[in-house]
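Chemist: Submitted below is the structure of interest, expressed as structure tokens.
The values are calculated or read from the model by the stated rules, or taken from the named source; none is laboratory data. Computed from a predicted model, the values in this text were never measured in an experiment. Positions of Cβ are generated from backbone atoms using ideal geometry, with glycine treated the same way; all protein chains shown enter the neighbour counts. Surface areas here come from the heavy atoms of the whole protein model, side chains and all, with no ligands, DNA or RNA. Shrake-Rupley method; radii C 1.70, N 1.55, O 1.52, S 1.80 Å.
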Amino acid sequence: MLEELKQANDYIYSKLNEKNTFFLELEEYAEKYNIPIITKEVKEFLRFLLSTNKYQNILEIGSAIGYSTLIMSKTLNDNCHITTLEIDKERYDIAKSNFKKSNNNNIDILLGDALDIIPTLNKKYDFIFIDAAKGQYQNFFNTSYNLLNENGLIFIDNIMFRGYLYKEYPKRFKTIVKKLDNFIDYLYQNHDFTLLPFGDGIGLVKK
Ligand SMILES: C[S@@+](CC[C@H](N)C(=O)[O-])C[C@H]1O[C@@H](n2cnc3c(N)ncnc32)[C@H](O)[C@@H]1O
């Protein structure tokens, strides 16, 4: 099954062809400096999903160099406002400069721990994208859920953490694996939730 999933992903990859040179540059930069960004098939799905709705206010937890932020903004023709949160100063600076290079003035990036920043936000969002420290996913969800509008969507990337939720994993990840597994149980039991088995696992919650 795993081998088939990989083959399916390879097949999808073979069909995808990013033409935007700035996005290609960011992909190369991320690969060169080992910065985790959304995978190609997640990017494709995220684009498709966003294009089916008029999302106006987006909250992103985990900007890295601003790649997924810019993908989301571009998908919505920059007719949206994105607040994106990043804890790492160096990545924050790079993301900020990438937003400037692409002339985006619809994006606010805030530096700090999302768990400290989210309670200070006094806005509501139609779409929340969670893509930061896996061990904090339940906390990111709990603190941001109240900021989600009715009919809004939360997109949780990498929720199956490199497949370690269903296959053997290095002992050092035991706590994160347990937390994510409990989080998935919590979401199934308490929310309108679905789990998609591609990328690193995508969780979707509808309010
Ligand atoms: C997977 S990367 C984000 C990738 C980005 N969304 C993309 O696809 O282009 C996760 C980022 O979350 C940041 N991060 C981790 N814990 C955080 C926290 N508590 N608050 C804010 N950012 C955090 C990390 O520094 C890292 O840059």
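Chemist: Inspect all residues belonging to the range 74-82 and state whether any of them is within 16 Å of the ligand (Cβ to nearest atom) and without any contact (Cβ under 8 Å) to a residue 12 or more places away in the chain.
Modeler: No, the conditions are met nowhere in the range 74-82.
Chemist: Checking the conditions here, which among ASN122, ASN103 is on the phi > 0 side of the Ramachandran plot and surrounded by fewer than 18 Cβ atoms within 10 Å (Cβ to Cβ)?
Modeler: Details: ASN122 fails: on the phi > 0 side of the Ramachandran plot.
Among ASN122, ASN103, only ASN103 is on the phi > 0 side of the Ramachandran plot and surrounded by fewer than 18 Cβ atoms within 10 Å (Cβ to Cβ).
Chemist: Let me ask you something else. Given (1) modelled with pLDDT of 95 or more; (2) buried (at least 21 other Cβ atoms within 10 Å of the Cβ); (3) within 13 Å of the ligand (Cβ to nearest atom), where does TYR29 come up short, assuming only one miss?
Modeler: Condition (2) is where TYR29 drops out.
Chemist: Scan the range 124-169 for residues that are among the aliphatic types (A, V, I, L, M), within 11 Å of the ligand (Cβ to nearest atom) and part of a strand (DSSP E or B) and jot them down. Don't jump to the end; show me each part of the working.
Modeler: From the range 124-169, those among the aliphatic types (A, V, I, L, M) are 128, 130, 132-133, 147-148, 153-154, 156, 159-160, 165; that's our starting set.
Narrowing further to those that are within 11 Å of the ligand (Cβ to nearest atom): 130, 132-133.
If the condition is that a residue be among the aliphatic types (A, V, I, L, M), within 11 Å of the ligand (Cβ to nearest atom) and part of a strand (DSSP E or B), then ILE130 is the only one that fits.
Chemist: Something else: Do we have LYS178 as surrounded by fewer than 21 Cβ atoms within 10 Å (Cβ to Cβ), more than 16 Å from the chain's Cα centre (by Cα) and without any contact (Cβ under 8 Å) to a residue 12 or more places away in the chain here?
Modeler: Working: surrounded by fewer than 21 Cβ atoms within 10 Å (Cβ to Cβ): yes; more than 16 Å from the chain's Cα centre (by Cα): yes; without any contact (Cβ under 8 Å) to a residue 12 or more places away in the chain: yes.
It is true that LYS178 is surrounded by fewer than 21 Cβ atoms within 10 Å (Cβ to Cβ), more than 16 Å from the chain's Cα centre (by Cα) and without any contact (Cβ under 8 Å) to a residue 12 or more places away in the chain.
Chemist: Would you tally the residues in the range 41-54 being in a helix (DSSP H, G or I), away from the ligand (no atom under 11 Å from the Cβ) and either within 22 Å of GLU86 (Cβ to Cβ) or not aliphatic (A, V, I, L, M) (or both)? Before you say what the answer is, go through the steps one by one.
Modeler: Step one: list which residues in the range 41-54 are in a helix (DSSP H, G or I), which gives 41-51.
Okay, now just the ones that are also away from the ligand (no atom under 11 Å from the Cβ), so 41, 44-45, 47-51.
Subset that is either within 22 Å of GLU86 (Cβ to Cβ) or not aliphatic (A, V, I, L, M) (or both): 41, 44-45, 47-48, 50-51.
Total meeting the criteria: 7.
Chemist: Also, quick follow-up: Are any residues in the range 24-67 touching a Ser or Thr at 6+ places or on another chain (Cβ under 6 Å) and within 14 Å of ASP78 (Cα to Cα), and if so, which ones? First the steps, then the outcome.
Modeler: Initially, the range 24-67 is screened for residues touching a Ser or Thr at 6+ places or on another chain (Cβ under 6 Å), giving 38, 47, 50-51, 59-60, 63.
Within the range 24-67, ARG47, LEU50, SER51 qualify.
Chemist: Only residues that are open to solvent by 10 Å² or more (accessible area, probe 1.4 Å) and either aromatic (Phe, Trp, Tyr) or more than 21 Å from PRO36 (Cα to Cα) (or both): list them for the range 141-160, please.
Modeler: Just the residues of the range 141-160 that are open to solvent by 10 Å² or more (accessible area, probe 1.4 Å), to begin with: 142-143, 145-147, 149-151, 153, 158, 160.
Result: ASN142, THR143, TYR145, ASN146, LEU147, ASN149, GLU150, ASN151, LEU153.
Chemist: List the pairs whose first member sits in the range 181-196 and is surrounded by 15 or more Cβ atoms within 10 Å (Cβ to Cβ), whose second member is in a helix (DSSP H, G or I), and whose Cβ atoms are under 6 Å apart, counting only residues at least 6 apart or on separate chains?
Modeler: From residues that are surrounded by 15 or more Cβ atoms within 10 Å (Cβ to Cβ), the pairs are PHE183/TYR137; PHE183/GLN138; PHE193/LEU187.
Chemist: Still on this structure: So, in the range 97-118, exactly how many residues are assigned to a helix (DSSP H, G or I) and away from the ligand (no atom under 13 Å from the Cβ)?
Modeler: Filtering the range 97-118 down to residues assigned to a helix (DSSP H, G or I) leaves 97-101, 114-118.
From what's left, away from the ligand (no atom under 13 Å from the Cβ): 97, 100-101.
Number of matching residues: 3.
Chemist: Just checking, which of ILE35, ILE65 is out of contact with any strand residue (DSSP E or B) (no Cβ under 7 Å at 6 or more places or on another chain), crowded, with 20+ Cβ neighbours inside 10 Å, part of a loop (DSSP other than H, G, I, E, B) and aliphatic (A, V, I, L, M)?
Modeler: Details: ILE35 fails: crowded, with 20+ Cβ neighbours inside 10 Å.
Going through ILE35, ILE65 in turn, the sole match is ILE65.
Chemist: Conditions: (1) more than 14 Å from the ligand (Cβ to nearest atom); (2) more than 17 Å from the chain's Cα centre (by Cα). LEU121 meets all but one. Number of the miss?
Modeler: The single condition LEU121 does not satisfy is (1).
Chemist: Take the conditions open to solvent by less than 60 Å² (accessible area, probe 1.4 Å), in a strand (DSSP E or B) and modelled with pLDDT of 95 or more and apply them to THR83. Does it pass? Let's see the steps before the verdict.
Modeler: Working: open to solvent by less than 60 Å² (accessible area, probe 1.4 Å): yes; in a strand (DSSP E or B): yes; modelled with pLDDT of 95 or more: yes.
Answer is yes for this residue.
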